[in-house]
Amino acid sequence: MSKIIENAFKYCVINKYRFTEPRKKVLEIILEQNKKIGAYDILKQLSHERNINPPTVYRSIEFWLKHGFIHRIESLNSYIVCNNNHDHKGTQIVICDKCGITKEVCIEESIISKKINKLEDFKVETWNMEIHGLCAHCK
């Protein structure tokens, strides 16, 4: 069992959430990707194994999003697994526009929050930053 799946299982047990087979499978599929994956592609992969209802997939995605185990890439309507212990407020994602490799990067949260607080007198709660460009292999 991967460390992320193991952490998800422990998180569910500690917080008294159900660690259902569909939730586990959805997280595993997202984890296996080296780039983003859309809900339709997750559904397609799960359908090869058994007949699965689309709302089940969407509920599983929403569960993992809510609890910070995955991130939604707004501009591409897709998802990646969180590689930062799902305990941060902000997400920074780099996306290669040529090959599609997608990774979460970590910029110290306080830098962003302090800068915005200072410039705008605004309390930052959460953010999702998407940075498009070319990866080292494609440039």
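Please treat every number below as a calculation from the coordinates, not as lab data. Not measured: the values here are computed from a predicted model. Reconstructed Cβ throughout: ideal geometry from the backbone, glycine too, with neighbour counts over all protein chains shown.
How many residues does segment 63-80 hold that are surrounded by 14 or more Cβ atoms within 10 Å (Cβ to Cβ) and either among the acidic types (Asp, Glu) or in contact with a His (Cβ under 8 Å, 6 or more places away or on another chain) (or both)?
Here is the first cut: in segment 63-80, the ones surrounded by 14 or more Cβ atoms within 10 Å (Cβ to Cβ) are 63-65, 67-73, 76, 78-80.
With the extra rule that they be either among the acidic types (Asp, Glu) or in contact with a His (Cβ under 8 Å, 6 or more places away or on another chain) (or both), the set shrinks to 65, 67-69, 79-80.
Qualifying residue count for the region: 6.
Hey, Asn117 hits all of (1) free of Cβ contacts under 8 Å to residues at least 40 places away in the same chain; (2) of a type in the set (S, T, N, Q); (3) closer than 28 Å to Tyr11 by Cα but one; which does it fall short on?
The single condition Asn117 does not satisfy is (3).
Testing Cys99 on (1) part of a loop (DSSP other than H, G, I, E, B); (2) farther than 18 Å from Ile37 by Cα; (3) of a type in the set (A, V, I, L, M, F, W, C), one condition comes back false. Which one is that?
(2)
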